[in-house]
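Let me begin by presenting the structure, written as structure tokens, before commenting on it.
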């Protein structure tokens, strides 16, 4: 279930337009990535994605995005023009990215458990409920109220959710080893 933005934003139809918007969001994704390995994988994937686009489709989509106020043009010091996502464009791109988001299981589990802990105030109740729903959709287990656990790295996915829902100051994450009910968690995630 996609997250509903706060205000009405245009719906992006067509796989090419969706791809272009997600490629434009690469900069935001890179800023959320802490792992050098992940950083270079994103850059490599984005470069391949740009090469696969047909030039006339790209120009048409960028014009439509500009008309819908999802992108803006910025003149650089050297005289070149850059296409940048507006705040609305970032929200639409994040929503597209969240629709297809999944936590990938590594070939071998590292034995660490990832915790997501949050304390979101009542004035942001809708964001809190959506965050809880999205954590469950991603496959995290609710260990206790406002505490979720998962055996595989999921920092990038959690960061996207937190940025989209604007709840950064209310969410914490951590890694741990050997929790008291580890056998139960291993069974829950099929790690036995």
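The values are calculated or read from the model by the stated rules, or taken from the named source; none is laboratory data. As the structure is a prediction and not an experimental result, all values here were calculated from the model. Ideal geometry is used to build each Cβ from the backbone, glycine not excepted, and the neighbour counts take in all protein chains shown.
Evaluating residue 60 against the criteria (1) free of Cβ contacts under 8 Å to residues at least 12 places away in the same chain; (2) under 15 Å from residue 165 (Cβ atoms); (3) surrounded by 13 or more Cβ atoms within 10 Å (Cβ to Cβ) leaves one unmet condition, (2).
Tallying residues that are within 28 Å of residue 159 (Cβ to Cβ) and in contact (Cβ under 8 Å) with a residue 24 or more places away in the chain within region 63-83 yields 5. Taken together, the residues in region 129-150 that are touching a strand residue (DSSP E or B) at 6+ places or on another chain (Cβ under 6 Å), closer than 18 Å to residue 191 by Cβ and either assigned to a loop (DSSP other than H, G, I, E, B) or not assigned by TED's automatic domain parsing to the domain that holds residue 175 (or both) amount to 1. Residues in region 156-192 that are in contact with a helix residue (DSSP H, G or I) (Cβ under 9 Å, 6 or more places away or on another chain), part of a loop (DSSP other than H, G, I, E, B) and closer than 15 Å to residue 103 by Cβ: 191 only.
The residues on offer are 4, 17, and the sole one that is at pLDDT 65 or above and touching a helix residue (DSSP H, G or I) at 6+ places or on another chain (Cβ under 9 Å) is 17. Selection within region 159-192: residues that are in contact (Cβ under 8 Å) with a residue 60 or more places away in the chain and under 23 Å from residue 95 (Cα atoms). The member of this set that is farthest from the chain's Cα centre (by Cα) is 165. Checked against the criterion of being at pLDDT 85 or above and either under 30 Å from residue 178 (Cβ atoms) or surrounded by fewer than 13 Cβ atoms within 10 Å (Cβ to Cβ) (or both), region 50-57 has no qualifying residue. Here region 98-128 is the region considered, the condition is being assigned to a helix (DSSP H, G or I) and in contact (Cβ under 8 Å) with a residue 60 or more places away in the chain, and the residue that is surrounded by the fewest Cβ atoms within 10 Å (Cβ to Cβ) is 99. The residue pairs whose first member lies in region 129-158 and is on the phi > 0 side of the Ramachandran plot, whose second member is at pLDDT 95 or above, and whose beta carbons are closer than 7 Å, counting only pairs six or more residues apart or on different chains, are 139/150; 146/117; 146/118; 146/119.
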